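Peer 1: Here you go, one structure.
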Amino acid sequence: MLFPTAPDYFLRTMISAAMETPHLLYALLAIACSHHGRLVKDSTPKPKMTCLKYTNLAISNLRETIKSQDQSLKAETVTTAMVLCTNDVCNGNMQAWRTHLRGVLRLLAARLEHQKDFDATEEPFIWALTKWFKTMDIIAALSGFDGVCIHDPGNGPLDKSPSTENVYIDDICGYSLVLIPLLARVSELVRLQSLRHVPSGIDSSNGPSLETMVEIGALETKILSLSDKIAPSGTEEKDKHLAIELKSTHLAFVHTALLHLHRRVQLLPTHHSKVRLDIENILDALNNIQPSSPANILILWPIFSAGCETTIVTERDMIQERMTKMQGLGMGNFTRARELLQRFWESESNLPWDIYFAQHGLELVLF
């Protein structure tokens, strides 16, 4: 459910490893319990208690495991930490996910640094775990007012990607990995611009500097140059329709990157032609994905971002309808994102969404 376009080996390897690894099995049972509770809309304490039981078992087993350096370097150990982190994000546990994500980074970096000659093509599962971490990290950074990545995209042991990754849309993330360093720079510019905000919103005299405007133009060009990426051949062979939808998920990310650049860095108003074009392009990509398609799961960040920036009722209705369908599949963050989006709309606030949520102590990760 979380990775609907992932290659078969990803799920097969994880399930096979869990049968031999108690802490991973417990972590997967915990996230399955959370998902099932949302799927059947069980509001009793039972799902939460069951999830907590398996979470505690996973954590206690994991703590014992990482006492041994050999065990801590195993892919299964990294996977358990990543599953626990993902479950925290889906359940809205904002404090725990940060701790777990930092733990994943330490484990993953140690694993990759230990194996100096790491080859992503020869160890695809480790590379898949790396992509899982990287996409959560960058989306978490872009989901808030002052978020930053906890790793440096494009400059470290987590970036030993095969050259073919530059050609294709990634089937784990739903967008080209070449986009990640650009997203990270957008996030950093958002953070720098936020330091210039006044408490009540945005001071129009505190717009981006000339130097930043030059960089915005360069980023626009780089981001748009990635629009023509294609799905990997394996996805094309397995499901041609899904391969087409993967192209649309990628385009949704491209245009959402531009939307954040224009609204949160350049500070253009919502009615500006560039902002309107970004929103329309995101919704066009959304329209090319069937409402019932699992590919929708990959694009919570684009859907939510467009929803926060549009004031047009028909566009809001379309976004609400699509998010409701995903919520019906038991996807936890669609539930929380939909609630916060509705709250923002009802507030009729003139504040940008990130400032509004920050001022009200609201936080979510759009993963």
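The values are calculated or read from the model by the stated rules, or taken from the named source; none is laboratory data. Given the structure is predicted, the values throughout are model-derived calculations rather than measurements. Heads up, the Cβs are rebuilt from the backbone with ideal geometry, glycines too, and the neighbour counts pull from every protein chain shown.
Peer 1: Take the conditions surrounded by 17 or more Cβ atoms within 10 Å (Cβ to Cβ), at pLDDT 70 or above and either outside the structural domain of Ile355 (by TED's automatic domain parsing) or farther than 20 Å from Phe10 by Cα (or both) and apply them to Ala140. Does it pass?
Peer 2: Against the criterion (surrounded by 17 or more Cβ atoms within 10 Å (Cβ to Cβ), at pLDDT 70 or above and either outside the structural domain of Ile355 (by TED's automatic domain parsing) or farther than 20 Å from Phe10 by Cα (or both)), Ala140 qualifies.
Peer 1: Among the residues of the stretch 209-264, what is the count of those that are among the hydroxyl-bearing types (Ser, Thr, Tyr), in contact with a Pro (Cβ under 8 Å, 6 or more places away or on another chain) and over 16 Å from Ala295 (Cα atoms)?
Peer 2: 1
Peer 1: Okay, moving on. If we keep just the residues of the stretch 311-350 that are of a type in the set (A, V, I, L, M, F, W, C) and modelled with pLDDT under 90, which is farthest from Pro291 (Cα to Cα)?
Peer 2: Here the answer is Met331.
Peer 1: Scan the stretch 197-205 and tell me whether some residue there is at pLDDT below 90, assigned by TED's automatic domain parsing to the domain that holds Pro153 and on the phi > 0 side of the Ramachandran plot.
Peer 2: Looking through the stretch 197-205, at least one residue is at pLDDT below 90, assigned by TED's automatic domain parsing to the domain that holds Pro153 and on the phi > 0 side of the Ramachandran plot.
Peer 1: From the residues in the stretch 10-45 that are under 27 Å from Lys325 (Cα atoms) and among the small types (Gly, Ala, Ser), which one is farthest from the chain's Cα centre (by Cα)?
Peer 2: Ranking the qualifying residues of the stretch 10-45, first place goes to Ser43.
Peer 1: Related question: Just the residues that are among the small types (Gly, Ala, Ser) and not in a helix (DSSP H, G or I), please, taken from the stretch 70-87.
Peer 2: Selection gives nothing.
Peer 1: Got at least one residue in the stretch 299-307 being surrounded by 18 or more Cβ atoms within 10 Å (Cβ to Cβ), under 24 Å from His262 (Cα atoms), in contact with a Cys (Cβ under 9 Å, 6 or more places away or on another chain) and assigned by TED's automatic domain parsing to the domain that holds Phe133?
Peer 2: Taking every residue of the stretch 299-307 in turn, none turns out to be surrounded by 18 or more Cβ atoms within 10 Å (Cβ to Cβ), under 24 Å from His262 (Cα atoms), in contact with a Cys (Cβ under 9 Å, 6 or more places away or on another chain) and assigned by TED's automatic domain parsing to the domain that holds Phe133.
Peer 1: Would you be able to tell me the number of residues in the stretch 54-72 that are within 27 Å of the chain's Cα centre (by Cα), closer than 18 Å to Leu105 by Cβ and surrounded by fewer than 17 Cβ atoms within 10 Å (Cβ to Cβ)?
Peer 2: Count: 1.
Peer 1: Still on this structure: Residue by residue through the stretch 256-282, note down the ones that are out of contact with any His (no Cβ under 9 Å at 6 or more places or on another chain) and either of a type outside the set (S, T, N, Q) or not assigned by TED's automatic domain parsing to the domain that holds Asp239 (or both).
Peer 2: Result: Ala257, Leu258, Leu259, His260, Leu261, Arg264, Val265, Leu267, Pro269, His271, Arg276.
Peer 1: Condition first: closer than 24 Å to Thr311 by Cβ and free of Cβ contacts under 8 Å to residues at least 24 places away in the same chain. Now tell me which residues in the stretch 328-343 satisfy that.
Peer 2: Arg338, Glu339, Gln342, Arg343
Peer 1: Here's another thing I want to ask about it. Limited to the stretch 260-278, what total is found for residues that are surrounded by fewer than 24 Cβ atoms within 10 Å (Cβ to Cβ), part of a helix (DSSP H, G or I) and among the aliphatic types (A, V, I, L, M)?
Peer 2: Looking only at that region, the number is 2.
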